[in-house]
Structures are given as C-alpha cells and as structure tokens.
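The values are calculated or read from the model by the stated rules, or taken from the named source; none is laboratory data. Every value quoted in this text rests on a predicted model; they were computed, and no experiment measured them. Quick reminder, even Gly has a Cβ in these numbers, built from the backbone with ideal geometry, and neighbours come from all protein chains shown.
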Amino acid sequence: MFLAPLNYDKYFNKVFSNERIAKRFLEDFLETGINEFEMLKGKLRVTDNASLVEFDFRCKIDNSFVILDMQQWYKRDVTQRFYIYHALNTGLQLEKLPSKRVLYDYSYQKSKKVEDYRALLPVLTLVWMADDSLDFKDDYVAYSMSPEIVVEFVKNKKLWHKPEIVELLKERARLLEVLDNQTKELQFLAKNRLIFMLQKNTVKNKNKARYVKWFEFAEKTKNTDNKKEDFQEYLDDEIFCEMMKRLSKDTLTDDDFSYIQNEKTFWEEVERFEQGIYEVAWNEGEAKGEKSKALEIARRLKEKGFDDDLIAAISGLSTDEITRL
C-alpha cells in the first residue's frame, strides 16, 4: 500500500483539515473561485440537552455555510440522516445571529430584542458517497427547495400526453412568474442545496469536469494494494502532492495499519451478512407466487427479528403490510 484510503473517515479528516486542500476541492466541485474561507469546528451541541452532533468537515465560504461529509458503503437511513445535517447547517447559525430591537408599544416605548433572521446565509451540504450510487447514473444529484407547482408541471401526464405547445408555454410562463418572485427574499430558499456526490458514477462517467480527478484519486486509494505509479498523474499538482504526503504509508503507525485492516474486514463482513439475507429470503420464497412469495419472505424475516424497513426493501411490500403480519 502506497497511500491510505481517502474514503476512510480518519484519513478524510486528516486531508481536509488542511485549509488549502479543502478550499481547492470546493472550488473544483462548485466550479467557482472562493474569496473568503473560514474553517469551523465540526463537533458541537445543538442545545445543552441535545446529543453531540459531529460533521466530517464544516466551513464558511463567501456567503454560504458548507458541510462536507464522507459516507462509506450502503446505509439505509442516508436520506433522513443528511436531511438532518442539512437542517442543522442552517440552524447552527442561530449561535451567532445578530439581534434587533422591535418596538411594539410606541406610546410607552416598550420593545423586545429578537434575532435578525435576515442575516441567515444559504447552506450547502455535500455528501461524498464512496460506494452508494443511490440508483442514479449522474456524477451527483442536488436537491433544493422549489415551489411545488414545478414538480406538478413535470409530472402532469395529461399536459404531456399530447402536448400543445401553446399550453406548455402558457404553463411555463406561469411557473417562471412564481420562480422569479423575489418578494421578501423568497429566492433564499432555492440557494440552499443538499448534494449527493457519487464517486463510483463519477469515475465511471469520466467527464471533463474539474472535480473528477478528486474522485478518481479517492477510488485509487480504496485499493489497499495501490502503488506509487498509480498516482503519477497527480505529481504536478501541489495540492494533490500535499494529500499524498498526508496519506503516505511512511507517515502511518502500526495503529493506522490495524485501523485500515479492521475497517476493511468489518465492512466486508457487513456486506457478506446482508447478501446472505437476500439469498436466504429468495430461496425460501422461490416456489411461491409473487405476492405469496413476498409475504412468506417478509414473515420469515420478521420471525428472525429484522426491522420493518429492511424487510420492505427485500420483499417489495409496504411497511403497513409488514406491520400487519
């Protein structure tokens, strides 16, 4: 092994603790220059009574707050997990919001101090998916808030079945009017983005974007038998040279090598366990009809103590049907 795996949390943090590396990655992925950059702590409490929340990397760039988190392997709660992170990315700004004084009784000049929410900045939550493609084929998929009528327009089967161009243009004009409405800074909502960056897709698609080399580099480090010659193309880039310096086997301790081997073994065993679930469930229900087979699979898995969401994913039944078993 020439370099430690960038996708492992320990080494991801070791690399992205360097401000120049982090700033360059964000510039390459967002395809923009960053004038202001501030590293922020990634471990904090939301309230005095809340559990500790920890991000792999958090910073402030120009007019946005950014979280960058590494996600290895396949986890079923990834959507809900990172929606929470995304929401916290906004909520954590409450720590430093300026105050304003509201006068509510002019006669007696009574007032109260409240937060000035106009100071809230948009947030970007970037999730680096090392293995999971989320069933997409693109390099990344981004979500942001938009009026519901936009989705309704795209999904309106009647409108698109035999589209009349005049009707389409009329509906589009109505949507644009809503999207262009900037009353009381409504455009702020669309500036907040939750982005899933899909490493496997990026490496496979090989487009010409600046960010591609980062994911190709990470993919090469995943191979624990990687060699120095695998990284020749990066030697003329000082940022990647710094990354290689931080990941080099020459800097690793015995504990590091144990950590890498333990991580590799652990996730191989998890993957083998889940594959076994699929195979057992399929074999036990193979001789039955589709619905009966699904019910039998669900019943057997429920008896074995698996959770309803996992059973639903395997059997194709709804969670309500599984709950009734």
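Tally time: how many residues in the range 178-193 are in a loop (DSSP other than H, G, I, E, B) and either of a type in the set (Gly, Ala, Ser) or without any contact (Cβ under 8 Å) to a residue 24 or more places away in the chain (or both)?
Residues in the range 178-193 being in a loop (DSSP other than H, G, I, E, B) and either of a type in the set (Gly, Ala, Ser) or without any contact (Cβ under 8 Å) to a residue 24 or more places away in the chain (or both): 3 in total.
Within the range 119-135, which residues are among the β-branched types (Val, Ile, Thr) and either more than 13 Å from residue 199 (Cα to Cα) or touching a Pro at 6+ places or on another chain (Cβ under 6 Å) (or both)?
Result: 123, 125.
Collect the residues in the range 125-144 that are part of a loop (DSSP other than H, G, I, E, B) and surrounded by 13 or more Cβ atoms within 10 Å (Cβ to Cβ), keeping them in residue-number order. Step through it out loud before you land on a result.
Filtering the range 125-144 for residues part of a loop (DSSP other than H, G, I, E, B) gives 130-139.
Of everything in the range 125-144, those that are part of a loop (DSSP other than H, G, I, E, B) and surrounded by 13 or more Cβ atoms within 10 Å (Cβ to Cβ) turn out to be 130, 131, 132, 133, 134, 136, 138, 139.
If you take the residues in the range 251-294 that are of a type in the set (Lys, Arg) and part of a helix (DSSP H, G or I), which one is modelled with the lowest pLDDT?
Among residues in the range 251-294 that are of a type in the set (Lys, Arg) and part of a helix (DSSP H, G or I), the one modelled with the lowest pLDDT is 291.
Of all residues being in a strand (DSSP E or B) and of a type outside the set (Val, Ile, Thr) in the range 62-79, which is surrounded by the most Cβ atoms within 10 Å (Cβ to Cβ)? Just the residue, please.
Per the stated criteria, the residue is 68.
Condition check ((1) within 23 Å of residue 256 (Cα to Cα); (2) not assigned by TED's automatic domain parsing to the domain that holds residue 129) across all residues:
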{"position": "3", "(1), (2)": "yes, yes"}
{"position": "15", "(1), (2)": "yes, no"}
{"position": "18", "(1), (2)": "yes, no"}
{"position": "26", "(1), (2)": "no, no"}
{"position": "30", "(1), (2)": "no, no"}
{"position": "33", "(1), (2)": "no, no"}
{"position": "36", "(1), (2)": "no, no"}
{"position": "41", "(1), (2)": "no, no"}
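Filter the range 14-57 down to the residues that are of a type in the set (A, V, I, L, M, F, W, C), outside any loop (DSSP other than H, G, I, E, B) and at pLDDT below 90, then identify the one that is surrounded by the most Cβ atoms within 10 Å (Cβ to Cβ).
The extreme case among them is 57.
Any idea which residue in the range 62-96 is nearest to residue 198 (Cα to Cα), counting only those that are free of Cβ contacts under 8 Å to residues at least 40 places away in the same chain and β-branched (Val, Ile, Thr)?
Within the range 62-96, the match that is nearest to residue 198 (Cα to Cα) is 79.
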